[in-house]
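So the structure is just underneath, and the comments pick up after that.
Rule-based calculations on the coordinates, nothing more; no lab input. What you see is a predicted model, and the numbers here were worked out from it, not measured in a lab. So basically every Cβ, Gly included, is an ideal-geometry build from the backbone, and we count neighbours across all protein chains shown.
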Protein chains: 2
Amino acid sequence: MGTTQLETVPEPKYWHLRTVLSEALDSEFSVGEILPNERDLAARFGVARATLRQALEQLELEGRLQRRRGVGTTVAPPRMGVSVGTAQHAWPGGSDDAWQAVDCTLVAPPAAIAETLVTGREEPVHTVRRSRVSQGQPVAAELLYIPASSVPDLSAIDAPSGAARARAVLRELQHLELERHENAVELGSARADDAKELDRLPGAPVLVVTTRFIALGRVAALSVATYRADTCRLTFGDSGGVQIHHGPERRAS
Amino acid sequence: MGTTQLETVPEPKYWHLRTVLSEALDSEFSVGEILPNERDLAARFGVARATLRQALEQLELEGRLQRRRGVGTTVAPPRMGVSVGTAQHAWPGGSDDAWQAVDCTLVAPPAAIAETLVTGREEPVHTVRRSRVSQGQPVAAELLYIPASSVPDLSAIDAPSGAARARAVLRELQHLELERHENAVELGSARADDAKELDRLPGAPVLVVTTRFIALGRVAALSVATYRADTCRLTFGDSGGVQIHHGPERRAS
DNA sequence: CAGTGGTCTAGACCACACC
DNA sequence: GTGTGGTCTAGACCACTGG
């Protein structure tokens, strides 16, 4: 693991380090193995700790490393494939659903949500919180926004809030006929509450999946799900289990 | 824009700063406007430049800011919706394709690719490079891997490489009957060549979309497309044009 | 040229996990 | 406790853009 190469091209140190470490991970370490601590590594490569950290950040972003405060830095397993947008014509909360309802409240929709829920400007919405676990670890936190008009027959349910009510709301939703749904994926950073649920620090990179469920020509429900970007590979249109092993240069040319 | 609040909760400074700046962006700045430079901003908030930069990095990751070396930091427009995986049953290179072929070579597949292209272990693959432009700016760079056996009738084409040959390869591909395709999305960082094409620095966050095109029960083509994560929102299953305006807290509760 | 963001340093202290 | 990663500082110099 030497770094004694004075680049002819002024490649940033941290980028070069990233490459060197990446190769070392492929050849000298195995999944779950714990790396030397940051101070040692920095000394070994003759750089400041901040620079070393910049390289580690890159590798963590790429899902190669996992860092935990007070514990250490370990070699991450390959990202798990998490299927999204399968079950093309199913409402959330269906029988084979990977999610677990946590809570439910009835509130006035925040402005940004109301805008996407084109229907019912000032209409109250049920807000269902759900979480998704895969292979023993939390992978996503979701907020579902369901306009009250989408589940009109909810008066029979007496639970005012909590997981029971959440399940009741979702059950009601199944009665509607789902036309289609539309997905969008973008990069975001975890808000404090999501971060906690995902066992990450605030600001951790997440993949935000926004799904609009269309029924009767209206948006009957809106899901905003934040997935851990470091551990997840989102799969669309089936084949959730494909393992893509990333080699030395990952997409080498 | 005051920061004179000594937190009772030990919220990191950069995180608090991110929030303050985010709110300022919503209320006091408009798209395209240029912010004060980092040294001034840091002084104004009474923090070190590195801390200020940490906050700016967050906001850039979220697509709120755009930073360019030698120029300055500007307020980014809302992310553009880029449709992916529409045209459910179309090969790359079809008539309404958003991509532009750049180059084409015939090589032995790198190990990581050969593994995903389950067919033909040692078989040579055509490697087609394409780029995608949307609203006047580059949004994605792609590498298409096409096993030679997928386009057997290519001998008639004499162009050895270049854009012309790339188009010829894609034209041949249309003759196959496409069964389906499978998409996966994950976070990555731009390699040097991709970064250059996307007008970003190496290591910039990108959304990597891997698509496997299935025909005759085999993987007939494999696409690895890297999208700029800062400017793009990937849309699946139609509705490419939906604008989601992010409000003050973006997904406020 | 001057001004910008990008990289890097050598420290310091804090929050957390584990013993 | 000790050891880890996370935050923060106050500098310095580099690479790039634009006038």
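Taking a Cβ cut-off of under 10 Å around A:Ser150, the surrounding Lys, Arg, Asp and Glu residues balance to a net charge of -1, with basic ones at +1 and acidic ones at -1. For the range B:110-216, the pair-distance distribution built from all alpha carbon pairs, in bins 10 Å wide starting at 0, is 12, 39, 37, 12, 0 percent. Remark on the range A:13-75: hydrodynamic radius 11.5 angstrom, per the Kirkwood mean of 1/r across alpha carbon pairs. Shown for A:Gly162: label points 7 Å from Cα along the beta-carbon vector, and their distances to the equivalent points in the other copies, 7.4 nm in ascending order. Each Lys or Arg adds one and each Asp or Glu subtracts one; over the other residues with Cβ under 10 Å from the Cβ of A:Arg233, this totals 0. Tell me, in nm to one decimal, what length is gained between B:Val133 and B:Asp97 on full extension, where the rule is 0.36 nm per residue of separation less the Cα-Cα distance? Between B:Val133 and B:Asp97, full extension yields 11.8 nm more. Loop-located GluC sites (Glu not before Pro) in the range B:26-96 (DSSP state other than H, G, I, E, B) with a sparse environment of at most 16 neighbouring Cβ atoms within 10 Å: B:Glu33. So, counting K/R as plus one and D/E as minus one, what does the shell of residues with Cβ under 9 Å around B:Ala55 add up to? In short, +2.
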